[in-house]
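*Asks:* Submitted below is the structure of interest, expressed as structure tokens.
The values are calculated or read from the model by the stated rules, or taken from the named source; none is laboratory data. Note that the structure is a prediction, hence the values are computed from the model and not measured. Neighbour counts run over all protein chains shown; Cβ positions are idealised from the backbone, glycine included.
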């Protein structure tokens with residue numbers, strides 16, 4: 001089984017990622033997240049950010065994502081996050097700490113319900129994994145560093161599975177994003193690595209179940 005070198009100096013294998021994700025889930029699942037995560041200090045910063053990305057769209061897509069993901073967010077977090085739609089063709093999702101989850105119009109139009117749930121699960125995975133609660137996170141990745149994205153991917157898979165959704169929806173989601181023409185070459189390479197690692201994790205778990 002292949003292993004990858006971490007940018008932080010360690011070796012990243014499916015078992016390492018699996019243990020890290022379960023450790024994060026175990027430590028954070030029962031805690032009051034609202035009391036441990038800091039929020040955005042300037043709401044106008046988020047407003048400007050949304051305006052730069054086409055603004056918030058209010059149409060049937062909003063009703064769809066609220067119906068698909070609203071219940072999941074309430075099950076995963078001890079405080080409420082709003083879900084909003086960005087009027088952008090990009091295939092992406094973002095989360096502001098203790099603020100809002102943003103799904104782009106392009107993502108909603110190209111994903112089925114389970115894949116949309118996977119996009120939100122990935123963002124919540126970032127939120128749970130980032131105990132400082134200060135970082136803006138993105139499905140496509142904010143940087144070319146892959147490890148934190150992979151941890152969010154797998155933690156998102158576990159969140160999905162807790163709600164009876166096949167975690168492999170995360171793989172389908174990432175495969176569609178990878179094929180998006182708007183994705184930069186560096187992020188496409190990192191996306192492929194994330195997909196490979198998830199496939200390896202599920203292959204490893206299948207072997208362990210035999």
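*Asks:* Evaluate the following for residue 174: is it at pLDDT 90 or above, under 14 Å from residue 92 (Cα atoms) and surrounded by 14 or more Cβ atoms within 10 Å (Cβ to Cβ)? Spell out the reasoning first.
*Replies:* Details: at pLDDT 90 or above: yes; under 14 Å from residue 92 (Cα atoms): yes; surrounded by 14 or more Cβ atoms within 10 Å (Cβ to Cβ): yes.
Here the answer is yes, as residue 174 does meet what is asked.
*Asks:* Follow-up. Conditions: (1) within 19 Å of residue 128 (Cα to Cα); (2) part of a helix (DSSP H, G or I). Residue 167 meets all but one. Number of the miss?
*Replies:* (2)
*Asks:* Does residue 61 satisfy being over 18 Å from the mean Cα position of the chain (by Cα), assigned to a helix (DSSP H, G or I), farther than 28 Å from residue 178 by Cβ and modelled with pLDDT of 85 or more?
*Replies:* Details: over 18 Å from the mean Cα position of the chain (by Cα): yes; assigned to a helix (DSSP H, G or I): yes; farther than 28 Å from residue 178 by Cβ: no; modelled with pLDDT of 85 or more: yes.
So residue 61 fails the test.
*Asks:* Then there's this: Output yes when any residue across segment 131-139 is crowded, with 24+ Cβ neighbours inside 10 Å and modelled with pLDDT under 90, and no when none is.
*Replies:* Our first condition is that a residue be crowded, with 24+ Cβ neighbours inside 10 Å; within segment 131-139, this holds for 139.
In the following step, the residues that additionally are modelled with pLDDT under 90 were identified as 139.
Scanning segment 131-139, I find at least one residue that is crowded, with 24+ Cβ neighbours inside 10 Å and modelled with pLDDT under 90, so the answer is yes.
*Asks:* So, in segment 89-117, exactly how many residues are at pLDDT below 95 and outside any strand (DSSP E or B)?
*Replies:* Selection size over segment 89-117: 8.
*Asks:* Could you say whether any residue in segment 122-130 is part of a helix (DSSP H, G or I), modelled with pLDDT of 85 or more, out of contact with any helix residue (DSSP H, G or I) (no Cβ under 7 Å at 6 or more places or on another chain) and closer than 29 Å to residue 74 by Cα?
*Replies:* There is at least one residue in segment 122-130 that is part of a helix (DSSP H, G or I), modelled with pLDDT of 85 or more, out of contact with any helix residue (DSSP H, G or I) (no Cβ under 7 Å at 6 or more places or on another chain) and closer than 29 Å to residue 74 by Cα.
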